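So the structure is just underneath, and the comments pick up after that.
The values are calculated or read from the model by the stated rules, or taken from the named source; none is laboratory data. Quick caveat: nothing in here was measured; it's all calculated off a predicted structure. Using ideal geometry, Cβ is built from the backbone for each residue, glycine included, and neighbour counts are taken over all protein chains shown. Protein only, heavy atoms only, side chains kept; ligands, DNA and RNA dropped before computing areas. Shrake-Rupley method; radii C 1.70, N 1.55, O 1.52, S 1.80 Å.
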Amino acid sequence: MRYIMRFHFYLVIILYCVPTALRAEDGSQLWLRFSKQEKPVGTVQIIKGKSTDVTLALAKQELECYWKGGDVILKLDPSRKDLKDGYQISQHENQVYVIAGQSVGILYAVYHLLRLQETGAGIPRSGWVEIPAYDIRVLNHWDNLDGTIERGYAGHSLWNWEELPNKLSPRYEQYGRANASIGINATVLNNVNASSDLLKKEYLIKVKALADVFRKYGIKVYVSINFSAPKNLGGLANSDPLNKDVQHWWKSKVKEIYALIPDFGGFLVKANSEGQPGPQDYGRTHADGANMLADALSPYGGTVFWRAFVYHPTKDDRAKQAYREFVPLDGQFRDNVILQVKNGPIDFQPREPFNPLLGAMPNTAKMLEFQLTQEYLGFSNHLVYLAPLFKEVLDSETYATGKGGTVAKQTDSSRHSGRKTAIAAVANIGLDTNWTGHHFAQANWYAFGRLAWNNSLSSAQIADEWIRMTFTGVKEFVEHVKKLMLESREVAVDYMMPLGLHHLFAFEHHYGPEPWGDIPGGRPDWMPWYYHNADTLGLGFDRTVNGSRAVTQYNPSLDKIYGNTSTCPENLLLWFHHVSWNYRMNSGNTLWTELCFRYDHGVQKVREFQKVWDRMEKYIDRPRFLAVQAKLRIQARDAVWWKDACLQYFQCFSRQPIPYNLERPI
Ligand code: GCU
């Protein structure tokens, strides 16, 4: 009997370890390519942990499969509330000690140890403590119940609603493990443009099945709700948040959910935005709507993420609308409501200034929403490493609390003890074998997790880790590819919309350029001209006090900095100003010449990326090398398309020649 049990134990270990050890080179293993050790090096001991704790067992198993650094002691210490779901690691003689207050902290620590091992970083002798910057680190899936994904470029949805709850795809486990390895602890399963059907019993049991898989990875499940569900599903006369029947409907729905999923996270809500229903349909405010849901969730510890992405087809500047709607509501939201704010005031553009709401509403919990899926950055065809964009936003000075009030500090846990903090990103994950469509888009998922854990990491550090874990630690490869990644976002800005230009995208699908786009009778705020305002005098959106006055939504001194052409950062110049074609830029070029150079620079850099990548062939496996090479070819083609389309179009207004030393548009 003992032998049979031992055989079983080894079989489980082999089954668990072998698939990852096979190193399929199709990208399916993401950054989790730890090499299996032949036989255990050292022992893994758990002290003060429940033997039935599946998360702890998982942590132990990961170490036993892949850790080569000797003995490890894992210790749970419930009195260490200060660690939250973080951990402390130290070394004594040849043993590594990991202390955490919760078992998920141990799991995170184990992945950290493995990361250090894989990247060759070594364990600091002095030991260290890691506490996450945000309590809730959440992916937002824009997945529909029919399997499609809004703005998804990596295949269909991972969630197979038809097969759930009876059949569980192995990818659910892999998804949980990948997220746990970078500290992501929450997932919103469905599109913000939500179907009420998700709240039907038949779907809730499917949600429960997923929650049951993700639990051991420390991941809580949330869902997006449709504000009209009481009317659509419950057959009520309306969904007015002040209607007692509606409140009651939500309370009993929430009760039903928690009976199935006791650790359910809560709701994400897109209300009164882009045609979605919301409290304003009944003359109520966002606070009325959010608080009603918050009250239903509060007895169970649930949270409402209420989105601030709202705008209407008015004559007023779209960039100003969310601020105008939400700022008067400051202080009116319940404690378990967090306002989820997109990083920029328009919509995930290649570059935007940070959203002014993030420097306002001091009495309201706010969280950032980034977008990993590259809706406005070449889908999964373009190599664009997004950590520099995330860092640019996080490190932006809001002047909300004098100096030092960066967006990071306005939203993370460092200044908000007692208040739940969160950060979200719209996922770029689908059923594609490599998960994200482009091998390098995996880096954006990875970078989001790492920054959600520690927002002071640099883009370079994260890229370095990711490259070593995903491809190789060979110096030549790491250095060249890291440089390419770090430049890639700025390069995309250059060939798409430099100097603060924005929303020049083709209508609806948002892939290529369409600066001339104009649909007769279409909404003006969905037409590119609305944003670039090109005329014979110049280019750009005047958001100064002489224009839309959007600049006044920023705190002093920032409004002055942005509001003046001489102090406004050049990379945001055309966001805030309408500037004459002959305006002198810092380089000495006129605006027109600078624009030409920027577009051209973007194109030349992508061509350079192609050459750099070609030189990397000998360092990595062929399938991934060829896949990235092919994508770069598409990116180079598209960069030329962007440059030619935009320059030829703007030239109709500038009426100036393309500088003679640049490649001419065809
Ligand atoms: C963008 C995007 C939509 C999405 C919306 C949102 O407008 O194009 O597909 O629904 O953002 O964030 O709600």
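From the list 457, 451, which residue is away from the ligand (no atom under 16 Å from the Cβ), in contact with a helix residue (DSSP H, G or I) (Cβ under 7 Å, 6 or more places away or on another chain), modelled with pLDDT of 95 or more and not in a loop (DSSP other than H, G, I, E, B)?
Details: 457 fails: not in a loop (DSSP other than H, G, I, E, B).
Going through 457, 451 in turn, the sole match is 451.
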Qualifying residue in segment 378-393 (condition: of a type in the set (Lys, Arg), crowded, with 22+ Cβ neighbours inside 10 Å and at pLDDT 95 or above): no
Failed item, numbered, when residue 69 is tested on (1) surrounded by 17 or more Cβ atoms within 10 Å (Cβ to Cβ); (2) not in a loop (DSSP other than H, G, I, E, B): (2)
Among (1) assigned to a helix (DSSP H, G or I); (2) touching a strand residue (DSSP E or B) at 6+ places or on another chain (Cβ under 8 Å), the one test that residue 424 misses: (1)
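Please state which one of 544, 565 is part of a loop (DSSP other than H, G, I, E, B) and over 12 Å from residue 317 (Cα atoms). Lay out the reasoning, then the answer.
Details: 544 fails: over 12 Å from residue 317 (Cα atoms).
Being part of a loop (DSSP other than H, G, I, E, B) and over 12 Å from residue 317 (Cα atoms) holds for just one of 544, 565, which is 565.
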Qualifying residue in segment 320-329 (condition: at pLDDT below 95, open to solvent by 10 Å² or more (accessible area, probe 1.4 Å), charged (D, E, K, R) and more than 27 Å from residue 221 (Cα to Cα)): no
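Output the residues belonging to segment 160-196 that are of a type in the set (A, V, I, L, M), open to solvent by 40 Å² or more (accessible area, probe 1.4 Å) and either within 16 Å of the ligand (Cβ to nearest atom) or within 17 Å of residue 267 (Cβ to Cβ) (or both).
Filtering segment 160-196 down to residues of a type in the set (A, V, I, L, M) leaves 164, 168, 178, 180, 182, 184, 186, 188-189, 192, 194.
Among the residues that remain, those that are also open to solvent by 40 Å² or more (accessible area, probe 1.4 Å) are: 168.
Within segment 160-196, no residue meets the criteria.
Find the strands (runs of 3 or more DSSP E) located wholly in segment 75-152 whose residues include 3 or more that are within 16 Å of the ligand (Cβ to nearest atom) and not acidic (Asp, Glu), and list them. So that I can check it myself, show each step before the final result.
Numbers: elements: 87-92, 95-100, 128-130, 136-140.
In segment 75-152, 136-140 are the strands (runs of 3 or more DSSP E) which contain 3 or more residues that are within 16 Å of the ligand (Cβ to nearest atom) and not acidic (Asp, Glu).
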Subset of segment 460-471 (residues that are more than 23 Å from residue 396 (Cβ to Cβ) and assigned to a helix (DSSP H, G or I)): 464, 465, 466, 467, 468, 469, 470
Residue count for segment 208-223, restricted to those that are hydrophobic (A, V, I, L, M, F, W, C) and either over 16 Å from residue 303 (Cβ atoms) or modelled with pLDDT under 95 (or both): 4
Count - residues of segment 349-364 that are touching a Lys or Arg at 6+ places or on another chain (Cβ under 7 Å) and open to solvent by 10 Å² or more (accessible area, probe 1.4 Å): 1
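Just the residues that are of a type in the set (S, T, N, Q) and open to solvent by 10 Å² or more (accessible area, probe 1.4 Å), please, taken from segment 197-233. Spell out the reasoning first.
Step one: of segment 197-233, the residues of a type in the set (S, T, N, Q) are 224, 226, 228, 232.
Listed by number, the residues that qualify are 226, 228, 232.
Quick grid of which residues meet (1) free of Cβ contacts under 8 Å to residues at least 40 places away in the same chain; (2) more than 28 Å from the chain's Cα centre (by Cα):
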position: 48; (1), (2): yes, yes
position: 59; (1), (2): no, no
position: 72; (1), (2): no, yes
position: 81; (1), (2): yes, no
Filtered residues of segment 483-529 (kept if in a helix (DSSP H, G or I), open to solvent by less than 30 Å² (accessible area, probe 1.4 Å) and within 30 Å of residue 463 (Cα to Cα)): 484, 485, 488, 489, 491, 492, 493, 494, 495, 496
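Which of the following residues is more than 25 Å from residue 426 (Cα to Cα) and open to solvent by less than 10 Å² (accessible area, probe 1.4 Å): 308, 296, 290?
Details: 308 fails: more than 25 Å from residue 426 (Cα to Cα); 290 fails: more than 25 Å from residue 426 (Cα to Cα).
Exactly one of 308, 296, 290 is more than 25 Å from residue 426 (Cα to Cα) and open to solvent by less than 10 Å² (accessible area, probe 1.4 Å), namely 296.
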Checking residue 445 against (1) in contact with a Lys or Arg (Cβ under 6 Å, 6 or more places away or on another chain); (2) under 30 Å from residue 626 (Cβ atoms), the condition it does not meet: (1)
Count of segment 297-330 residues which are within 18 Å of residue 356 (Cβ to Cβ), in contact (Cβ under 8 Å) with a residue 60 or more places away in the chain and within 16 Å of the ligand (Cβ to nearest atom): 5
Extreme residue, nearest to the chain's Cα centre (by Cα), among residues of segment 394-421 that are open to solvent by 10 Å² or more (accessible area, probe 1.4 Å) and either within 16 Å of the ligand (Cβ to nearest atom) or among the acidic types (Asp, Glu) (or both): 395
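Considering only residues that are more than 16 Å from the ligand (Cβ to nearest atom), open to solvent by 50 Å² or more (accessible area, probe 1.4 Å) and not small (Gly, Ala, Ser), which ones fall in segment 257-279?
From segment 257-279, those more than 16 Å from the ligand (Cβ to nearest atom) are 257-266, 279; that's our starting set.
Now narrow it down to the ones that are open to solvent by 50 Å² or more (accessible area, probe 1.4 Å): 259, 262.
Scanning segment 257-279 gives a single hit, 262.
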